[in-house]
Each structure stands twice: as structure tokens, then as C-alpha cells.
1. Do you know which of the residues in segment 1-40 that are open to solvent by 80 Å² or more (accessible area, probe 1.4 Å) and of a type in the set (Asp, Glu) is farthest from Asn179 (Cα to Cα)?
2. Within segment 93-103, identify whether any single residue is outside any helix (DSSP H, G or I), without any contact (Cβ under 8 Å) to a residue 12 or more places away in the chain, open to solvent by 30 Å² or more (accessible area, probe 1.4 Å) and over 18 Å from Leu60 (Cβ atoms), and answer yes or no.
3. Within segment 48-73, which residues are open to solvent by less than 50 Å² (accessible area, probe 1.4 Å), within 17 Å of Pro147 (Cα to Cα) and in a helix (DSSP H, G or I)?
4. Can you report the number of residues in segment 109-139 which are closer than 12 Å to Leu169 by Cβ, more than 17 Å from the chain's Cα centre (by Cα) and part of a helix (DSSP H, G or I)?
5. Got a sec? Which of Ala148, Ala136, Ala109, Ala171 is free of Cβ contacts under 8 Å to residues at least 12 places away in the same chain and open to solvent by less than 20 Å² (accessible area, probe 1.4 Å)?
6. Which condition does Ala43 not pass, out of (1) part of a helix (DSSP H, G or I); (2) open to solvent by less than 30 Å² (accessible area, probe 1.4 Å); (3) in contact with a strand residue (DSSP E or B) (Cβ under 8 Å, 6 or more places away or on another chain), if it passes all the others?
Amino acid sequence: MNLGGVRLARHGETNDNVEPIRAQGFTDTPLNDIGRRQAGELAQRIAAGEPIASLWASDLSRARVTAEIVGARVGLAPRLDTRLREGYRGEWEGRLFVDIEREDPDGYATWRRAGADFRFPGGESLLEQQQRVTEALTEIHGTGQLPALVVCHGGSIRVMLCARDPRGLDAFWDFKVPNVAVVPL
């Protein structure tokens, strides 16, 4: 898979990204004040670097607003795509991970091992998320409007890093993706 010219950026911080961390998934969690400041810093970094030809984002507000802040700085309106969302966490959506670990220790331990077979209870598997995000990024790459910046989510970036790792989705936990990190593909 060749997606050269596509860069992924994680959204700014939300209250659910700080300890104790909450499973956000498709939950539409807004940026907090730190996240808005981080988005401004990302915008400054993007504006100071190689110009981007297109700007894309997940439709969830934490990614959309981050992209809007970047877009205002570089003169591009972000195009939204639901396929760029975080993985759907199913029954875990909105719950604190410390509570999940206490109430479902086996399920939590399985999550911490992750891999292609892992599925969130009532939600999506990492493989399904990877296929969904890959489809969106392949289409973005196919537009030829490169370089493209895609503002999305930590899990979406991780599954794409796994796509180019020989260990596949078993490498999911080996990648750290802090808020507003930029990752070239």
C-alpha cells in the first residue's frame, strides 16, 4: 500500500484523554482548552512546513475542530469523512478504562494484548477499523491532492502504522501517538 504524500495528525487533547482515561470511540468529545492550544500549535507547525494541498478530518468534533484551526491558518477547509473516526468501542464507549479493567479484567487484558482478532464488546474489531481507515486514505491519496493532512484519532493512526509493520495488528500497543503528533505514511 503506497500512501506517500498523506500525513496523519492526531486531534488535540480532550478531557477524556487525561487520567483517568475514558474510552471515547465514536463519542463526540470536544477539545478542552489545552487541546485548542495544541491545535493552534499544530496549525503553526503545518503552516511553517511544506504546504499541504488538501485537508481532511474525521467528523467527530475533536478532530474536526483541530482541522478547522489548522485550515484557518493555511487557507483550507477540511473535508470530513466518517471512515476516519476512532474505532467503535461498543459497550465500552464513554466508560473509564480503570472501571472496565476492574469490572471486566479478562476483557481488558485481551484489549491490552490487542491484535487482529480483538473486537470491542458490541463494537468493531481492530481489523475492521484498519480496513475502514485504509479505504478512506486510499481514496484521499487517489485524489492526487498531495501532500494531504488527515486529522483523525490515535487508534486510527495506530492501525495504519500496524498496516506497514510486519507484525500487523499485534504491534498496536507498540506505537505511541500523542495528541497533535504528525505521522507520514
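The values are calculated or read from the model by the stated rules, or taken from the named source; none is laboratory data. All values derive from a computational prediction rather than experimental measurement. Quick reminder, even Gly has a Cβ in these numbers, built from the backbone with ideal geometry, and neighbours come from all protein chains shown. In case anyone asks, the SASA skips ligands and DNA or RNA and just uses the protein heavy atoms, side chains included. Shrake-Rupley method; radii C 1.70, N 1.55, O 1.52, S 1.80 Å.
1. Asp28
2. Scanning segment 93-103 turns up no residue that is outside any helix (DSSP H, G or I), without any contact (Cβ under 8 Å) to a residue 12 or more places away in the chain, open to solvent by 30 Å² or more (accessible area, probe 1.4 Å) and over 18 Å from Leu60 (Cβ atoms).
3. Ala67, Val70, Gly71
4. Selection size over segment 109-139: 1.
5. On the way: Ala148 fails: free of Cβ contacts under 8 Å to residues at least 12 places away in the same chain; Ala136 fails: free of Cβ contacts under 8 Å to residues at least 12 places away in the same chain; Ala109 fails: open to solvent by less than 20 Å² (accessible area, probe 1.4 Å).
On inspection, the qualifying residue turns out to be Ala171.
6. Only one criterion in (1) part of a helix (DSSP H, G or I); (2) open to solvent by less than 30 Å² (accessible area, probe 1.4 Å); (3) in contact with a strand residue (DSSP E or B) (Cβ under 8 Å, 6 or more places away or on another chain) is unmet by Ala43, namely (3).
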